[in-house]
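What follows is a set of notes on a single structure, which appears directly below.
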Amino acid sequence: MTAQARFCLQCGTALALRVEDEDGGPKTRLRCPACGWTHWNNPTPVLAAIVECSDRGGRVLLARNAAWTHRMFALITGFMEAGESPEDGIRREVMEETSLVVSALQLVGVHDFQRMNQVIITYHALAAGEIRLSPELAEYKLFDPAEIRCWPAGTGFALADWLRSRGHAPQFIELPRTD
C-alpha cells in the first residue's frame with residue numbers, strides 16, 4: 001500500500017476523511033477541514049519493459065531488484081520524469097538499469113496495480129548492447145519466451161499478454177507469502 005498524506009500541504013492542518021458528492025457520486029477523500037485542500041491520491045504511472053535482447057537470440061532479460069529478499073526476476077520498471085513521454089521514459093529506464101540501447105518499442109498494454117496505487121504502462125523493448133546493471137538491480141537472467149513464468153500481479157499480467165501475442169500460453173507462478 002502506498003503512503004498517504006496526513007497533513008495539508010497548504011496550511012499544515014491534519015487531514016480528515018470526508019465523504020462528498022462529486023461528478024460520479026459520493027467519494028471518500030482526505031480533505032483539510034481548515035482550508036479545503038484535497039489529497040487526491042491518484043494512481044502513479046509506472047513504466048515497464050519486456051526487454052528482448054536482439055543480440056542474444058531474442059531472449060528476454062528479467063532482473064532481480066537488489067532490495068528484494070526472494071530470488072524473483074521481473075521486468076525493468078521505473079517512474080516517468082516530468083517532461084518526458086512514456087516512450088522516452090522507458091528507453092531511459094532500460095539504459096539506466098541495464099546499459100542496453102532500445103532500438104524499437106511497442107506498447108503491450110496498460111494495467112492497474114491497485115495494491116501499489118499504480119497504473120503500469122508496459123512496452124516490448126527490442127534492445128542490444130553490453131549488459132551492465134545499475135546498483136538498483138542485483139542480477140539478471142535471460143529467458144527464452146517459452147520458459148518465462150508470469151507472476152499473478154502487476155507487470156506479470158502484461159508479460160502474460162505479451163506471451164499470448166507471441167503464441168505462448170502463459171504459465172503463472174505462486175508468489176511467496178508475505179504474512
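Of the peptides 37-43, 156-162, the order by per-residue mean of other Cβ atoms within 10 Å, starting with the highest, comes out as 156-162, 37-43.
When the trypsin sites (Lys or Arg not before Pro) in region 136-170 are filtered for DSSP coil states and for at most 16 other beta-carbon atoms within 10 Å of their beta-carbon, the remaining sites are ARG166. Seen against the Cα atoms of the chain and their longest principal axis, helix 155-165 is set at about 50 degrees.
Quarter the surface of the alpha carbon convex hull of the chain and you get the mean projected area, 13.1 square nanometres. Take every pair of alpha-carbon atoms less than 8 Å apart whose residues are at least six positions apart; their mean separation over the length of region 9-58 yields a relative contact order of 26 percent. Loop-located GluC sites (Glu not before Pro) in region 24-102 (DSSP state not H, G, I, E or B) with no more than 15 neighbouring Cβ atoms inside 10 Å: GLU81, GLU84.
Placing +1 on the Cβ of every Lys and Arg and -1 on the Cβ of every Asp and Glu, with nothing else charged, gives region 44-169 a dipole about its Cα centre of roughly 460 debye. Take the Kirkwood radius over Cα pairs of region 1-41, plug it into Stokes-Einstein at 10 °C and 1.306 mPa s, and you get 150 µm²/s for translational diffusion. Compared with the dominant principal axis of the Cα atoms in the chain, helix 86-98 is inclined by about 60°. Among the trypsin sites (Lys or Arg not before Pro) within region 22-106, those in coil by DSSP and having at most 12 neighbouring Cβ atoms inside 10 Å are ARG71. Looking at the chain, the DSSP beta bridges with both ends there are about 75 percent antiparallel. Working from Cα pairs under 8 Å separated by at least six residues, relative contact order for the chain is 20 percent. Here each label is just a point 7 Å from Cα along the line to Cβ, and for GLU130 and THR13 those points are 5.9 nm apart. Electrostatic tally near CYS32: other residues with Cβ closer than 12 Å to its Cβ, Lys and Arg +1, Asp and Glu -1, net +4.
Read the figures in this text as sums done on the coordinates, not as results from a lab. Owing to the predicted nature of the structure, the values given are computational and were not obtained by experimental measurement. Glycine also receives a Cβ, built like all others from the backbone with ideal geometry; neighbour counts cover every protein chain displayed.
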